[in-house]
Amino acid sequence: MQEDALSERSAAAPIDPWSGLNESGDDLTVDNFITTVMSQTVNALRRVTTLPYARRFGLTVSEWRILALMAHARSMPFAELVVQSTSDKALVSRTLRLLEQRGLVLLEAEGPTPRKRLTCSITPTGEALHAQVIPVARKAQASIIQLMTSQERRVMYAALKRIHRQCLDVDAKNGED
């Protein structure tokens, strides 16, 4: 069903607006900006792929993301969790407090100062929930990835990683200024 819908949309899709792109991007319209296309795609994927399994297990997408990161790391400083999650501090903090209230993570202060550092750890209850969700999450993610041919997967994965690396390099360079 998903494959049929994708094929129908692909058949009706306009010719690639990026192939003849010049350096100034003169022919780009806002709806063809890479940031717009990626944002629309990420939001659609979140709605149709991640949200259903997160809800099935009583989690928000943010809670699932943090829980999955914690399951992988077991324990990490709050500041590192913010970086790993690619979310803002306030969202990570709120999400952690909710997960802590449910007994899924443990937050421990690393000192008595008012600006105390927090260490975040997953609890056995959190690990058990993650163990239930992860096979469902993997299957949902795989079903979307499998809509592409092997070649499309390789190209897309490499392109996304390259763009991400380039953005990190620019961030690092801008941080040096």
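Quick notes on this structure:
- Test for Ile122: is it modelled with pLDDT of 95 or more, surrounded by 12 or more Cβ atoms within 10 Å (Cβ to Cβ) and not assigned by TED's automatic domain parsing to the domain that holds Thr60: no
- Given (1) of a type in the set (A, V, I, L, M); (2) free of Cβ contacts under 8 Å to residues at least 12 places away in the same chain; (3) in contact with a Ser or Thr (Cβ under 9 Å, 6 or more places away or on another chain), index of the condition Leu91 fails: (2)
- Criterion: under 28 Å from Ile34 (Cβ atoms), of a type in the set (Ser, Thr, Tyr), out of contact with any strand residue (DSSP E or B) (no Cβ under 6 Å at 6 or more places or on another chain) and loosely packed, with under 15 Cβ neighbours inside 10 Å - qualifying residue of Ser62, Ser143, Ser87: Ser143
Conditions (1) modelled with pLDDT under 95; (2) in the same structural domain as Asp171 (by TED's automatic domain parsing); (3) among the aliphatic types (A, V, I, L, M); (4) closer than 20 Å to His130 by Cα, marked per residue:
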position	(1), (2), (3), (4)
Asn32	yes, no, no, no
Leu59	no, no, yes, yes
Ala79	yes, no, yes, no
Gln84	yes, no, no, yes
Arg94	no, no, no, yes
Glu100	no, no, no, yes
Val105	no, no, yes, yes
Ala109	yes, no, yes, no
Arg117	yes, no, no, no
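The values are calculated or read from the model by the stated rules, or taken from the named source; none is laboratory data. A quick note: this is a predicted structure, and the numbers were derived from the prediction, not measured. Ideal geometry is used to build each Cβ from the backbone, glycine not excepted, and the neighbour counts take in all protein chains shown.
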